1. Which of the aspartates and glutamates could a cross-linker span from B:LYS367 if the Cα-Cα distance has to be under 14 Å and same-chain partners fewer than 8 positions apart are dropped?
2. For peptide C:257-268, compute the average count of partner chain beta-carbon atoms within 10 Å of each residue's beta-carbon.
3. Semi-axes of the equivalent ellipsoid of the protein assembly as shown: what are they in whole Å, largest first, if each equals the square root of 5 times a C-alpha gyration tensor eigenvalue?
4. Could you state the orientation-averaged shadow area of the convex hull built on the Cα atoms of region C:295-371, in nm² to one decimal?
5. Considering only the label points, 7 Å along Cα→Cβ from Cα, what distances in nm to one decimal separate A:ARG360 from the same position in each other copy, shortest first?
6. Can you work out ³J(HN,Hα) from phi for every residue in region B:288-295, in order, using Karplus 6.51 cos²θ - 1.76 cosθ + 1.60 and θ = phi - 60°, giving whole Hz and x for Gly and Pro?
7. For the protein assembly as shown, give me the percentage of DSSP beta bridges that are antiparallel, rounded to the nearest 5 percent.
8. Quick one: label points 7 angstrom along Cα→Cβ at B:ARG86, distances to the other copies in nm, smallest first?
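Read the figures in this text as sums done on the coordinates, not as results from a lab. Here the structure is a predicted model, which means the values were calculated and not measured. Note that we place each Cβ from the backbone using ideal geometry, even for glycine, and neighbour counts take in every protein chain shown.
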Amino acid sequence: MPISKRAVSDGNARGLAAGLSPAGLDHTGGRGLGYSLRDIAEALGATVHGDADCRIERVATLADAKPGSISFLANRRYRPQLLKTRASAVILEQEFLSACPVAALVVPNPYLGFAHVATLLSPAQPVPSGIHSSAYVSDTAVVHPNACIAPHAVVEDEARVGAGSYIGPGCAIGRGVTIGDDCTLRANVTVCHGVQIGDRVLLHPGVVIGADGFGIANDAGVWVKVPQIGSVIIANDVEVGANTTIDRGALADTVIEEGVKLDNLIQVGHNVRIGAHTAIAAGVAIGGSATIGKRCTIGGAASIAGHLEIADDVHLTATSAVPNTISEPGLYSSGMPIQDNRSWRRNVVRMRQLDEMAKRLKTLEKKLDEE
Amino acid sequence: MPISKRAVSDGNARGLAAGLSPAGLDHTGGRGLGYSLRDIAEALGATVHGDADCRIERVATLADAKPGSISFLANRRYRPQLLKTRASAVILEQEFLSACPVAALVVPNPYLGFAHVATLLSPAQPVPSGIHSSAYVSDTAVVHPNACIAPHAVVEDEARVGAGSYIGPGCAIGRGVTIGDDCTLRANVTVCHGVQIGDRVLLHPGVVIGADGFGIANDAGVWVKVPQIGSVIIANDVEVGANTTIDRGALADTVIEEGVKLDNLIQVGHNVRIGAHTAIAAGVAIGGSATIGKRCTIGGAASIAGHLEIADDVHLTATSAVPNTISEPGLYSSGMPIQDNRSWRRNVVRMRQLDEMAKRLKTLEKKLDEE
Amino acid sequence: MPISKRAVSDGNARGLAAGLSPAGLDHTGGRGLGYSLRDIAEALGATVHGDADCRIERVATLADAKPGSISFLANRRYRPQLLKTRASAVILEQEFLSACPVAALVVPNPYLGFAHVATLLSPAQPVPSGIHSSAYVSDTAVVHPNACIAPHAVVEDEARVGAGSYIGPGCAIGRGVTIGDDCTLRANVTVCHGVQIGDRVLLHPGVVIGADGFGIANDAGVWVKVPQIGSVIIANDVEVGANTTIDRGALADTVIEEGVKLDNLIQVGHNVRIGAHTAIAAGVAIGGSATIGKRCTIGGAASIAGHLEIADDVHLTATSAVPNTISEPGLYSSGMPIQDNRSWRRNVVRMRQLDEMAKRLKTLEKKLDEE
C-alpha cells in the first residue's frame, strides 16, 4: 500500500487514498472511522508498539490530541508534551519510545511519517471542473475540460491550462502562459505572459511569476529600462509561498527546478536558477543571475547577492548574507543575534574600531616579543 | 463627550461623531465649520492655552498648517517647526508650551491626542451596503444585509460576513471563512478557507491570511508536503498592513490576539501566536511556532526564529535578529549600522578574526601578568 | 534616428520604431529581417568594427547567441563567454575589442547600448483600447477612449485614467485616483483613493499604492489608529516592482519623484520622499518620514530608519542598515558576510564582548607604556 508521491506533493492530496480502502473509511465528511494503527504502520513501513487495532481518525499536536488522534514527536523541545499526551498513538524515533505513554509508531524520520499520515487522514476537498461563468477566458486559450477556472479569474490569449489544474479566484494568467496538469493557483496569483509551469505546481495567493526583472541602465543620471525578454520556467512539484515574486529573465530564462519549495515573501531576481529540491524560507532576497545548487536549504531573511554561484548541498542559517560564490557544500552563517540594548550600543561602537583594535593588538604583541 | 474607541480603531471612523453635534458641523464635504478649540479640548481632556473659541476645521503638520488647522508636536526633532507654525492651535506636552506661538492644547501624549482629533475631523466616507452585481457570492455564504461586497469580490461556500463589514474589490474569501462585524478588507485581499476573523479588523490590500505554512519533510532528498490542517484566528481590532502574509497552522491554529497591529510585508509563520496589543513594523519575518507576548513592539526588518517564546513587554529595535527565547521584558537590539564603505571593508575582515583576537588578547594578558 | 526616451521608459516600447523603417522590418511576428549593424550603430552613436552590413534580428546572451543575434559585454565576469560567442555582433567597451571574435559596436556604456538595441528589436505588443465588458468602471470615472481597462479591473468613482494607459486584469483603482498617460498597471495592482500617478509609470503585479501608513498611538496599552489623511504622489517615468508597497502619508503626502525605479517587495513608509532617479533593489524597508535624495542607489535587503535624511548621490551596498541621517554623498555599507557555521559561532560570541575587549586592550597598552 504505497503512498502516492504525486498526490502528496501536489498539495491537494486528491485521490491519495485511491489504493486504500479499509472498512468504514469515509473521507467525505471528516467523520469517518479512519484507519487502524496497523494499517497506518504498514503504509509508513513503521514498527507498531502497543495496540495495533486502535482506530486513528485524525492528526493532532501532542498537546491538543484526544483519543482517536495520532501525533508525532520530531523536535525534542516537545518531549515534555509527550509525557502528558492523550493521543492514541505517537510517531517517534526509537530514542523516545520508552518515554511514550501510549501506542507508538517507530520510524527513522517522524516528521516525514507524520506528513504521510496527515495526508492520509486529511479529507481532500473535491475540486470542481469547468469554467465559472464570471471568469474571463480568451477564445484562443486552451483549458482542459477537467481543469477548473474559478470566479473572476482571467486567462489571456493562447494560454494553456492542463488537466486537473485549478486557477483560483482573481488569478491573472497572461498571454501564452503554459500551466501543466494538477496545478493549484490559490487566489489572486499573477502569472505573466509566456511563463511555463510544469505539473503539480502549487502557487499560494498573491504570488507573482514573470514580472520584469530589475534591469536598468544609467544614461547620464537617468535610468533607461532594459527590456526583459526572457521568461520563467517552473518545473514539476514546485511550491511557491504567498506574495513571493519570481522575475522573468532579461534574455535567458529564470529557472526553478523540480521539487523546489519556496516560502512566503521571497524575491527571486531575473535569470536566477534554483536547483532541484532546494528549500528556501520566508523573506529571502536573491539577486539577479544567482545560481543556487540542488538540495540547498536557506533560512529565513537571508540575502544572496547577484551574479554568484552556490554549490549543491549548501545550507544557510537564517539571516545569512552571501556576497560571493560558495564553492563547497556545508553549513554557513552570518548575522548578529540580539543583546540587551545597552550592551549592543556599547559593542556596536567597537565594530567600527575593529581594524584599529587588531592593529593595536599586533603592536602590543610586537612590543612584548621585543622585550 | 467620550470619543468612541470602537469607531477609532476600525479604521473607518464611521459614526464617530454620532454623539457630537456642534453647530455648523458638516462632515460631508470637508468644508464644515469644524469645532471650537474648547470642544476639542473637552473631547481630549486637555487644558486649553490661548483662544478657546477659535475654529478648528482640519489637521495639518506644523510646517503645512494654515489658520483653521490644528497640529501637534510629538517628536522633538520638529521643535524648530513649532516656532514658525501658522496653525491655529497645537497639541503638545507641557514642556513645549512656552515655545508655542499659537493656542495650545496640553496633554500627556500629544500623538494620541492628535489621533483622536484627526479622527474627529476626517470626514468618514459613507460605506454603501449590498452586494455588487459583479461580485460572486456563493448561495451558501451568509452576508449580512448591512455588509458591502464590492465589484469582483468572491465569497465562497459557507463563508459569513458580518454587519457593517466591507469586502473590497477583488478580495477572495474562501470556503467557511468567518468575518465579524465592521471589518474592512480593502482590495485584492485573500482569506483562505476556514479562517476566523473578529470584529473591526482592517486588512490592507494584498494581505493573505491562511495560506499553507511552510511544512515540508525530507524523504531521501525529496521534499514531501506536510498538510496544513490548522487555521488562522484573528481577534478583534487587529490591523494588517499591505501584502503581509499570515500562514495557517500545521495542526493547531495561528493566532493573532486582539488589538495587534501589523505593518506591511510581514511574514507570520504557521502556528505563531502574537499577543494582544503587540505592534510590528514592516518587513519583519517570524518563523513558525514562535510565541510573541503581549504589548511588544518590534522594529522594522527584524527577524525572529521559529519555536521560541518572547515574553510580554519585549521591545526590539529595527533589524534585530532573535534566535532564541527572550524570557525577560526589556529593550533588545542587534544589527550593524552603516560605515563608509572603505572602513566597513577593513572592519568586516576583522569580524572573522574576533575569536582569534580574543585569544591573542588573553595570551598578552597572561604574559604581562607573569612578568 | 534618435531612440525615443519616452517609449523606452514606459516599459512597453509602443511606437518605438516609428521613425525607423529599414527595408524588411517586420515586428509583428518576430520573424522580421531586423536591422543592419550599421543602422544600429547609428542609432547608438557607436563605432562599428567588422561587417557593418550583417543583419541583426534579435538580442541574446553571449552564451546563447546564434548568428543573427547581437549580444553585449558589461560585466568582466562574462569575458570568457565573449571568446566563444556565436553572436553576429557584440556591444562592448574599447577595452575588450581586441578579444572579440565577431563584429563589435564600441560604446562607453555597453549595458545602456544594449538597453536601446533590445528595445529596438523587441516586438512591442499591441495594446488594445477600450473597456472590457467584465471590467467595472464607475459612471463618474473618466477613462480616456484610448486607454484600456482589462477584464475584471475595477475603477471607482471619480478616478481618471489617461490616454494610452493600460489597467490590467484584477487591478483596483480607488475613488479619485488620477493616472496619467501611457501608464501600465500589469495585474492585480491596487491604487487606493486619491493617489496621483504621472505619465509613463509602470506598476508591476501586486503593487499596492496608498494603503494606510503605520500610524498608531498608545493609549494605556491599547493602540489607537491615527487616520492617514495624506496621499501618494508618483511622478513621471517611475517603475515599481511586484508586490512593493508605498503607503499614503499621515498628513502630508508620500512622494516618489520622477524616474525613480523600485524593485520588488520594497516597503515605503508614510511620508517618505524618494528623490528623482534614485534606484532601489528588492527587499528594502524604508521607515516613515525618511527623505532619500536624488540619484541614490540602494542595494537589496537594506533597511532605512524613519525620520532621517539621506543626501543626494548616496550609494548603499546590499544589506546596509541606516539608523541616522547621511549628510555626505558617498558609498556606505554594513552587514556581515557569511562564514562557515563553526567559525561564526565562535566569532559571534565575541561580538558581545567587543566593548570589554577594547577596554582590556586599553589596559594592556597603559601597562606597557608604564613599564
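1. Filter leaves A:GLU365, A:ASP369, A:GLU370, A:GLU371, C:GLU365, C:GLU371.
2. That average works out to 6.
3. 39, 39, 38
4. On the way: hull surface 32.3 nm².
For region C:295-371, the mean projected area of the Cα convex hull comes to 8.1 nm².
5. When each copy's label point is compared with this one, the spacings are 1.4, 1.4 nm.
6. Coupling constants for region B:288-295: x, 6, 6, 10, 10, x, 8, 6 Hz.
7. If I count the DSSP bridges inside the protein assembly as shown, around 15 percent turn out antiparallel.
8. 7.0, 7.0
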